[in-house]
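**Student:** Dropping the structure in here first, questions after.
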Amino acid sequence: MSYVICPHCGGKHEVFGASKGRAVADATDIPLLATLPLDPRLSELCDEGRVEDYEPEGFGDVVDFIVKIADHLGKLKAKEAEAQMK
């Protein structure tokens, strides 16, 4: 989390400087699944003791992507196991 979306203009402000997520992902050959903004709603829910109620926008897309990757990896592993049994 390295940026904030301005509630007035919708602009993206990188409050901690430019994100290094892409460079780290590229250097480690790991896909960057998403970049997530700092969200004042999360702070509010934490202050109220209701963090479990947090439902960030776009997070469902990340979860769906991870599930697809896991399914794909499971199929690859099953094929490898089948090939080794032959």
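None of the figures in this text is laboratory data; all of them are computed from the coordinates on show. Worth saying up front: this structure is predicted, and the values here are computed from it rather than measured. Cβ atoms come from the backbone with ideal geometry, glycine included; neighbour counts cover every protein chain shown.
**Student:** Within the chain, which whole H helices from DSSP have a Cα span along their axis of at least 27 Å and a mean Kyte-Doolittle hydropathy of 0.0 or more, if any?
**Tutor:** 59-85
**Student:** Using the basic label-point model (7 angstrom from Cα toward the beta carbon), what is the Y54 to L76 distance in nanometres?
**Tutor:** 3.1 nm
**Student:** Just to verify a number: FRET efficiency for A18 and R41, C-beta to C-beta distance, R0 = 30 Å, to 0.05?
**Tutor:** Efficiency at R0 = 30 Å is approximately 0.80.
**Student:** What's the tally of Lys pairs in the chain whose alpha-carbon atoms lie under 20 angstrom apart, where the two lysines are 8 or more places apart or on different chains?
**Tutor:** 5
**Student:** Still on this model: Principal axis lengths of the chain from Cα atoms, whole Å, largest first?
**Tutor:** Computed over the chain, the largest-to-smallest principal extents equal 62, 32, 20 Å.
**Student:** When only Cα pairs under 8 Å and 6 or more residues apart are kept, what is the percent relative contact order across the chain?
**Tutor:** Reported as a whole number, the value is 22 percent.
**Student:** Using all Cα-Cα distances in the stretch 1-40, what percent lands in each 10 angstrom bin from 0 up to the longest?
**Tutor:** So the P(r) values, bin by bin, are 29, 46, 21, 4.
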